[in-house]
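Shown next, in structure tokens, is the structure this report addresses.
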Amino acid sequence: MSVEENTEKKIPSPAGRSSSIRPIETPQRLSLEIREDECELYEKDKGQTACSEPFMYRHRPTSGRTQAYLPELTESYRQRISNSPVDDGYTDMSQPKASCRLLECRSSLTLLSSSEESTGLKVPKPQEEKSKKNLWRDELPFGPRIQARQDMEKFERCHNFLKNPRYLPPQQGGKSLIIPNKKIMKKVAGRRIFVDQRGLAYEERLSKFPGEGGIVAPGMSCQYTVRFAPDSPAEYKDFLIVETQTPYPLVVPIEARRPPPILTLPGTLDCGYCLVGGVKITEFLCRNDGYNSGCFCVMPKKMWPTTNFRSVAAAGFLDVTPFAIRPAVFELNPGQALILEVAFLPPSSESFSQTVTMVCDNCQVKDFVLTGTGQHVALEFVSISDGESVTAPGECRDITADHFVRFEATNPCVCSQKIVILRNATHVELPYCWQILKPNLICSIPGESIQPTNLEYDQDLNSAFHICPDNGILEPHWDHEFILTYIPQELKDYHSVFYLVLRDIPEPMNINESSINRKTSLERSMKTASTAITNIIGMELEAKGYTEPFQVMLKPYAILIPGENYMGTTLKKYFEIWNNSSSTIHFDWESIHDSHFLEVLPPCGSIEPNDYCDLELLLTGGKPEKMNYRLQCHIRCQEEPVVLYVEATFVGPQVCIDLASLDFCLIRLGTRAISTIQIKNTCQLSALWHFQESPECLREQNEEVSQFTFDPCSGELLPLAEDCVTIMFTPTKCQSLKTVLELKVENGSTSHIAVQAEVQEVKVCLLSCAITFKDVYIGIPAQETVRLFNQTLLPGKYTWGELHESEAHQCRVTANPGSCTLGPNEEAEVCVELTTFSMHELSGVILSCTVEDMKEPLLLEILAKPMDLNVTYSLPAGSYKESGEVVLDFNDMMVNGRVKRQLLITNNSAIPTTFNLEVEYFGSCSPVPPSATQSSSQ
């Protein structure tokens, strides 16, 4: 069919629907000139091998020279090898392919893409084609050239598969795999582009099928090229639907995304804390860790979405009361970073939160939360050494002081210190300085309020007080220690007031301030990072001190020795004695020698003013206990001694047992159990030990002699030594024993070990001591069951005996099984069979059962009342007379007539018996059968 004759037709698809076929162009045949002598040489060498090939050579003589054309394609060649393009319903066949392209495709197993095919189509000029043809003939002789063609054809036959005839498409073409009704086709620059309803743009290229008609044979595959051409950096998702001959379509998801820029910004931009009226600028590092650049715009959340970015983009900073962000619009390349400044200007003491939206040019939107807390200045007086002083009745104090500290009387030129702890209750830094001023004294009367008037703030230049540090910065929400020192120079009282001045505290802004003024002040604050500031008084601390003669102090004033110490060892502890007086002091320590030994070295001496002496305390424990002593040091010319408090705990040898409890488990009475335990001395002292059963447990069991024996029962353990103790338990009765064994150590602690044992003996009982047989007949065996129960955890073997000789003639009794073993707490069922020989009632017949390890056997009493044969006569229902007698009434009957009546004979016992009926009067013999008559005559 030529190109002009090819028209569009409708053919039925494999699914039963019609599909359109676009016209295709059949490629022209390629002709090659072959000399006649070459053809003859080929026929002589190869014979008839050409007949087996998928196509045949046909020669036509021409004028002057023999012309050889390419062979015509046979039907076998079309089915097995042909790669000629076929109209499949969606492949563009408008452009014919060059002849050289067809030859190349014959040796390929995979079809080329449309782009490759379009770029590879070149039509050579006739002169160039002729030169190349002659060059090819000169380089390759005719024989190898023919052999190469045959090898190529064999290679193609090995790599092409026969198509299944059942799935061959119509010869006119195939059907498209893409559903066209869900896509809008656009033609751009000669290409077909399909755009779905959501705006996802992609480009469909020509498909590649392994055969003709758009058919994919089993084991083969087809290729489809989809080109993605987005108009924005957003993410796209779509799918392709492929219709095949199966009832369900194949859905191929399509996703296209661009790696977004990744910013190192947290979801919450916390500005922290700031004083009311102040400004705090927090810097956040914003770096693009993604692989693509992006432009970002920050705007209030309420303004998104927006149609015009220019109306929401801020040139300098973005005002989101009480926050401000700079810059609001920026661009970051991959790996680039900038500083994002967030200013926080709290108008009140509360927590603030604002949400801003950051929009990227890739259509991604993310919300960020700006948080901050405004705070007022707040200081707390936490504590002071020895506690805050209380005003004495009638004592004059400063009228404005918040806290009062009184120093105890001290010697002149003696330093006394107190530690004051103040807490910055805010979460911001507060710079401070201390000022010492004279107090504004007034005597307060209880119950009256005092109004401060005419206050004077004069600096106290002769104060004996000093505080350290006197200036610095109060860290946010932190406790700060200040050392308040009192150094009196004269023997008099001192009184001063400490003012804690907080510096650079911002002034609160006016709430009614207009938006223009606020914007102006905000710009000024963003540039200078400061607002209007002032100094305020945060706290007033009043201090008073007295002066008196010398004082002596011990460091430490108490010696507490932690843990447990072995008795007999000497402990050494060091301490100091301080002379805070203005003159030399003389001391003398006392010593203690009773159950414990305490001594101080040196025992006496002298100390210069404001000097100390190192002392050594020697402590030796005499017995295991917790001791505490108040060791006194007498100071010359002082009535009250200095006391050193000493506390320590002494212990003796410690012996431990490797087991916490000992269980002998189940023991049969009359046997014994033996167990071994390990004891160990865990200290550096020798230990004398003794093993016994707890006397309290013996009293609870009402026993005087213990059932336990120990080998050895006592001994001495060297330091860190071990020993084995064998414990033997010999029970004297059945019991569930729970007791405690004691390991006593001289001058040491007592160890205990819990012991338990279950002592039992075999005990089996009958659940029923007597068994009654019902419906017993003479000579007929009767059976009944009896149950045995093992009451202990020990196994018990039982054996049934026989009846006494005096009772053996009356009956016979057997038990099945006759002998068996019962497990712990097991219950067994025994079948007892009784056979009587007389009518005498059985009572007092005893069957014995012997159980091993039981002193007495079990006795089972057998009761039975035998019954004899019992036969009754009766008539069928309705045959009785009014008198109720058993009478066979034949009524009136004719001569030689026959009447039958029934008599029922019932055996009401289990004894089988025979019966014979005879007529007492008017008896007659029953008729004899003929066979019987003949035999009798013979």
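Structure above, values below:
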| quantity | calculated |
| --- | --- |
| Every residue from segment 221-233 that is of a type outside the set (S, T, N, Q) and either surrounded by fewer than 16 Cβ atoms within 10 Å (Cβ to Cβ) or more than 18 Å from residue 359 (Cα to Cα) (or both) | 222, 224, 226, 227, 228, 229, 230, 231 |
| Residues of segment 801-827 that turn out to be farther than 26 Å from residue 777 by Cβ and part of a strand (DSSP E or B), as a count | 5 |
| Within segment 838-860, tally of residues that are over 24 Å from residue 670 (Cβ atoms), acidic (Asp, Glu) and modelled with pLDDT of 85 or more | 0 |
| Hey, residue 618 more than 30 Å from residue 723 (Cα to Cα) and surrounded by 13 or more Cβ atoms within 10 Å (Cβ to Cβ) or not | yes |
| Set 830, 845: member being assigned to a strand (DSSP E or B) and touching a helix residue (DSSP H, G or I) at 6+ places or on another chain (Cβ under 7 Å) | 845 |
| Enumeration of residues in segment 537-583 that are in a loop (DSSP other than H, G, I, E, B), open to solvent by 50 Å² or more (accessible area, probe 1.4 Å) and out of contact with any Phe, Trp or Tyr (no Cβ under 9 Å at 6 or more places or on another chain) | 548, 549, 550, 562, 563 |
| Neighbours by Cβ (under 7 Å, 6+ apart or cross-chain): first from segment 897-912, open to solvent by 100 Å² or more (accessible area, probe 1.4 Å); second aromatic (Phe, Trp, Tyr) | 901/890 |
| Considering residues of segment 323-381 that are charged (D, E, K, R) and part of a loop (DSSP other than H, G, I, E, B) only, the residue surrounded by the most Cβ atoms within 10 Å (Cβ to Cβ) | 361 |
| Output for segment 643-674, where each listed residue is open to solvent by less than 20 Å² (accessible area, probe 1.4 Å) and among the aliphatic types (A, V, I, L, M) | 644, 646, 648, 655, 662, 667, 673 |
| Residue check for residue 703: out of contact with any strand residue (DSSP E or B) (no Cβ under 8 Å at 6 or more places or on another chain) and open to solvent by less than 60 Å² (accessible area, probe 1.4 Å) | yes |
| Counted residues, segment 584-598 - those being not β-branched (Val, Ile, Thr) and not in a strand (DSSP E or B) | 5 |
| Wholly within segment 630-676, strands (runs of 3 or more DSSP E) carrying at least 3 residues that are within 30 Å of residue 602 (Cβ to Cβ) | 642-651 |
| Residue match in segment 235-246 (condition: open to solvent by 40 Å² or more (accessible area, probe 1.4 Å) and either touching a Gly at 6+ places or on another chain (Cβ under 6 Å) or modelled with pLDDT of 85 or more (or both)) | no |
| Check on residue 298, of a type outside the set (Lys, Arg), in contact (Cβ under 8 Å) with a residue 60 or more places away in the chain and at negative phi | yes |
| Unmet requirement for residue 837, which otherwise passes all of (1) in contact with a His (Cβ under 8 Å, 6 or more places away or on another chain); (2) surrounded by 14 or more Cβ atoms within 10 Å (Cβ to Cβ) | (2) |
| Residue match in segment 710-718 (condition: buried (at least 16 other Cβ atoms within 10 Å of the Cβ), over 29 Å from residue 566 (Cα atoms) and touching a residue at least 24 places away in the same chain (Cβ under 8 Å)) | no |
| So residue 266, is it within 27 Å of residue 367 (Cα to Cα) and surrounded by 12 or more Cβ atoms within 10 Å (Cβ to Cβ) | no |
| Selection count where residues are under 16 Å from residue 483 (Cβ atoms) and either modelled with pLDDT under 85 or outside any strand (DSSP E or B) (or both), scope segment 399-415 | 3 |
| Residue match in segment 844-856 (condition: surrounded by fewer than 14 Cβ atoms within 10 Å (Cβ to Cβ), in contact (Cβ under 8 Å) with a residue 24 or more places away in the chain and under 30 Å from residue 757 (Cα atoms)) | yes |
| Residues of segment 250-305 satisfying the condition of being among the polar types (S, T, N, Q), farther than 15 Å from residue 341 by Cα and modelled with pLDDT of 90 or more | 288 |
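The values are calculated or read from the model by the stated rules, or taken from the named source; none is laboratory data. Since we're looking at a predicted model, the values are computed, not measured. Cβ sites come from the backbone with ideal geometry, for glycine too, and all protein chains shown count toward neighbours. In case anyone asks, the SASA skips ligands and DNA or RNA and just uses the protein heavy atoms, side chains included. Shrake-Rupley method; radii C 1.70, N 1.55, O 1.52, S 1.80 Å.
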